[in-house]
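Have a look at the structure below, then the notes.
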Amino acid sequence: MPVQNQYGQPIGESLTHWSARPQPQSIVLQGEHCRLEPLNAQKHAQDLFDAYASAADDRDWTYMLIGPFHTIEELTEHLQQVESCLDPKHYVIVDSQSNNAVGLIALKSIDSANGVIEVGNVAFSPLLQKTIAATEAQFLLMRYVFEQLNYRRYEWKCDSFNEASKKAALRLGFSFEGLFRQAIVYNGRSRDTSWYAMIDKDWPIIRDAFIKWLSPKNFNHQGQQKRSLSCMRLMPRSNPS
């Protein structure tokens, strides 16, 4: 039964001790396979340009609000424009083995008063896509949002035609919440937006699944997973660490 007020009307749970959450900071989030660090155009532009240039064509940019970047000058100009932004707050994903920047990710639509934040501007190069580091990068940012910034809600939004993004959202543990028709106009076309989210109550199970999935025991000598991330969420939880 939901909580009721003095008139017998159902109302949401009480948050009498709630306070606004802090803004995302320029910090380094260290993992085993990668690290997230604040975007620095001068430091990261060449690595990112080389990483994006490894793609065979421009299809990775079809559903992005930015790009493609065909020259280092174009990319550098964009990075210089966004590196000091507080919303979206950009982080570079650096591969632990090569020590090269291989992708971008951001926290955006930051609503600190209500504890709501979105992960977006996800631009993973072919050097990062479908790697353990790609999954770990998402986990590092989620953990920062829920455990250090203590936000209540973490959102993921994408073009409704972007099947890869929709599949990734579900794999990572987001729940589909609906379709916002004709939500925005971008790249000269209309976009229906698919909306996903997870909340702080979901986080313990999602966190435990990531830890199990990222364990070296979950991969064979060829680096292939033994159990999927989705499967891990169905397993009994481990004792909190």
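Please treat every number below as a calculation from the coordinates, not as lab data. In this text, all values refer to a predicted model and were calculated from it rather than measured experimentally. When we count neighbours, we look across all protein chains shown, and the Cβ atoms used for this are built from the backbone with ideal geometry, even at glycine.
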Where is the GNM fluctuation largest for the chain (alpha-carbon springs, 10 angstrom cutoff): 76, 193, 16? 16
Place a +1 charge on the Cβ of each Lys and Arg in the chain and a -1 charge on the Cβ of each Asp and Glu, then give the dipole magnitude about the Cα centre in debye, rounded to the nearest 20. 1040
Label-to-label distance, nm, for residues given as residue 226 and residue 32 (7 Å Cα→Cβ offset): 1.2
Taking amide H positions as placed 1.01 Å from N in the peptide plane, with prolines and chain starts having none, which residues 5 or more places from residue 124, or on another chain, fall under 5 Å of its amide H? 104
Over the chain, with a single point scatterer placed on each C-alpha, what log10 of the ratio I(q)/I(0) does the Debye formula yield at q = 0.13 1/Å? -0.87
What residue among 99, 40, 150 shows peak mean-square fluctuation when the chain is described by a Gaussian network model with Cα springs under 10 Å? 99
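How many percent of DSSP beta bridges within the stretch 81-181 run antiparallel, rounded to 5?
Counting DSSP beta bridges with both partners in the stretch 81-181, the antiparallel share is about 75 percent.
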Taking H placed 1.01 Å from N in the peptide plane, check which residues at least 5 places from residue 162 or on another chain put their amide H under 5 Å from its amide H. none
Cross-link list 157/212; 130/166; 89/157; 130/226; 108/157; 130/167: which exceed 20 angstrom alpha carbon to alpha carbon? 157/212
Within the chain, what's the longest run with no GluC sites (Glu not before Pro) in a DSSP loop and at most 13 other beta-carbon atoms within 10 Å? Give the range, please. 33-241
Helix-only [θ] at 222 nm, the chain, -39500 (n - 2.57) per DSSP H run of 4+, per residue, nearest 500, equals -8000 deg cm²/dmol
On a full-extension model of 0.36 nm per residue, what is the gain between residue 129 and residue 72, subtracting their alpha-carbon distance, rounded to one decimal in nm? 18.4 nm
Taking H as built 1.01 Å from N, whose amide H comes closer than 5 Å to the amide H of residue 115, not counting residues under 5 places away? 21
Could you grab the relative contact order for the chain? Cα pairs under 8 Å, six or more apart, rounded to a whole percent. 15
For the stretch 145-195, take every pair of Cα atoms, bin their distances at 10 Å starting from 0, and report each bin as a whole percent. 23, 45, 26, 6
In sequence order, calculated HN-Hα J values of the stretch 78-86 (Karplus, 6.51, -1.76, 1.60; Hz; x Gly/Pro): 5, 4, 5, 6, 9, 5, 9, 5, 8
Would you work out which of 69, 148, 230 lies farthest towards the positive end of the dipole of the chain? Charges go on Cβ: Lys and Arg +1, Asp and Glu -1. 230
How far is helix 41-53 tilted, in degrees, relative to the longest principal axis of the Cα atoms in the chain, given as a value from 0 to 90 rounded to the nearest 10? 80
Mind checking which of 119, 185, 145 has the largest fluctuation in a GNM of the chain, springs on alpha carbons under 10 Å? 185
Return the distance in nm (one decimal) between the two label points of a simple spin-label model at residue 16 and residue 167, each offset 7 Å from Cα along Cα→Cβ. 4.9
Please give the residues of the stretch 173-198, grouped as numeric ranges, whose backbone N is less than 20 Å from a label point set 7 Å along the Cα-to-Cβ vector of residue 59. none
